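Working notes for the structure below.
The values are calculated or read from the model by the stated rules, or taken from the named source; none is laboratory data. Note that the structure is a prediction, hence the values are computed from the model and not measured. When we count neighbours, we look across all protein chains shown, and the Cβ atoms used for this are built from the backbone with ideal geometry, even at glycine.
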Amino acid sequence: MLLEDKYYKVTDGKTDGPNGIFRIQLLPDSDVYRGHFPGNPVCPGVCNIEMIKECTARLTGKKLFISSIKQCRLTAIASPSVCPELDIRINAQPSDEGFSVSAKISDAEKVYMEYKGEMRVL
Amino acid sequence: MNYYCIENLIPQRAPIQMVDQLLEVEGRTAVTTFEIRSGNYFADEEGFMTEPGLIENIAQSASALAGYLSREAGEKETPVGYIGEIKNFHCYRCPHIGEKVQTSITLGEEVGGITLVNGEVHASGELLATTRMKIFISQNR
């Protein structure tokens, strides 16, 4: 996993067939905040997309490739100080090439990302 | 066109700076270049820059053009862009370390701080990825 233990840490996970909920902790000392942005640490949206991919890989037990994203809405700005802990909810339905994935990143306060797309099994 | 160093066009810095140069600008379209170097933040153990790196490259290319237009309009600060939505992203192949990508982007009209972006990433004439995007560009952090 590319960003696990580098950008985030998984602290809990529950799976039930095609569904999974993972509790993650954002690592405030992650190197990425040196550059995004200097003096203003904000989660890069694309890192949260990678987190969804890695949690889906955990759920399905497969190595995955994001072949398409139908829609991904970034509904609030996330940062380790605003949302140190997040829940990633995933539904992964088997499809022709791999999985049709719907995911949501949220905490008790807000939804940060809503995601729908196809992932191919590598 | 006038040339600016990339640090004057986008606010992102290492390790997540994913554009090297703004190469061409014509109206609201532009081309950027980026070389995938070893140690790239999104490079996997096999030496490929994974899909989120391509999305970030497109977003920062749009941000570089927005930064260029704002410099040309006399602004002194680099605008900060946030991705609001990604739509119809397709990835055909990930570039590998040592490869140079060219990214073409087109900015739509800005409405209420939201700008529509169309982006395509090529390497050696081959289409690697394409997407539409909405970005929020703010002049103040």
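Kindly provide the set of residues from the stretch A:48-68 that are crowded, with 24+ Cβ neighbours inside 10 Å and of a type in the set (V, I, T), ordered by number. A:I49, A:I52, A:T56, A:I66 - these are the residues of the stretch A:48-68 that are crowded, with 24+ Cβ neighbours inside 10 Å and of a type in the set (V, I, T). Scanning the stretch A:73-87 for residues that are closer than 15 Å to B:C91 by Cα, surrounded by fewer than 19 Cβ atoms within 10 Å (Cβ to Cβ) and not polar (S, T, N, Q) turns up nothing. The criterion of at least 1 residues that are more than 13 Å from every other protein chain (Cβ to nearest Cβ) and without any contact (Cβ under 8 Å) to a residue 12 or more places away in the chain is met by the following strands (runs of 3 or more DSSP E) wholly inside the stretch B:53-125: B:100-111. Every condition in (1) within 14 Å of another protein chain (Cβ to nearest Cβ); (2) buried (at least 20 other Cβ atoms within 10 Å of the Cβ); (3) assigned to a strand (DSSP E or B) is met by B:R132 except one, and the failing one is (2). On the stretch given as the stretch A:1-36, residues that are surrounded by 14 or more Cβ atoms within 10 Å (Cβ to Cβ), not in a strand (DSSP E or B) and not charged (D, E, K, R) total 11. Scanning the stretch B:21-67 for residues that are in contact with a helix residue (DSSP H, G or I) (Cβ under 8 Å, 6 or more places away or on another chain), farther than 26 Å from A:C72 by Cα and surrounded by fewer than 18 Cβ atoms within 10 Å (Cβ to Cβ) turns up B:Q21, B:V25.
Of the residues making up the stretch B:86-103, just one is touching a Gly at 6+ places or on another chain (Cβ under 7 Å) and buried (at least 18 other Cβ atoms within 10 Å of the Cβ), namely B:T103. When you look at A:G13, is it farther than 30 Å from A:S95 by Cβ and among the small types (G, A, S), yes or no? Here the answer is no, as A:G13 does not meet what is asked. Exactly one residue out of B:I137, B:I97, B:I105 is among the aliphatic types (A, V, I, L, M) and at pLDDT below 95, and it is B:I137. Return the residues of the stretch A:37-60 that are more than 10 Å from chain B (Cβ to nearest Cβ) and in a loop (DSSP other than H, G, I, E, B); say none if nothing qualifies. Passing the criteria: A:P41, A:C43.
Cβ-Cβ distance below 8 Å, separation of 6 or more or different chains: which pairs start in the stretch B:28-47 with a residue that is farther than 13 Å from B:Q17 by Cα and within 14 Å of chain A (Cβ to nearest Cβ) and end on one that is part of a loop (DSSP other than H, G, I, E, B) and not charged (D, E, K, R)? What qualifies is B:A43/B:I36; B:A43/B:T50; B:A43/B:I97; B:D44/A:L2; B:D44/B:T50; B:G47/B:S38; B:G47/B:I97. Can you tell me which residues in the stretch B:1-27 are within 11 Å of another protein chain (Cβ to nearest Cβ) and closer than 17 Å to B:T78 by Cβ? Selection gives B:E7, B:I10, B:P11, B:Q12, B:R13, B:A14, B:I16, B:Q17, B:M18. Checking A:D31, A:D12 one by one, the residue that is at the interface with chain B (Cβ under 9 Å from one of its Cβ atoms) and out of contact with any Gly (no Cβ under 8 Å at 6 or more places or on another chain) is A:D31 and no other.
Residue by residue, here is whether (1) of a type in the set (D, E, K, R); (2) within 30 Å of A:L122 (Cβ to Cβ) holds:
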site: B:E56; (1), (2): yes, yes
site: B:L69; (1), (2): no, no
site: B:A73; (1), (2): no, no
site: B:I83; (1), (2): no, yes
site: B:N88; (1), (2): no, yes
site: B:G112; (1), (2): no, no
site: B:E120; (1), (2): yes, yes
site: B:E126; (1), (2): yes, yes
site: B:T130; (1), (2): no, yes
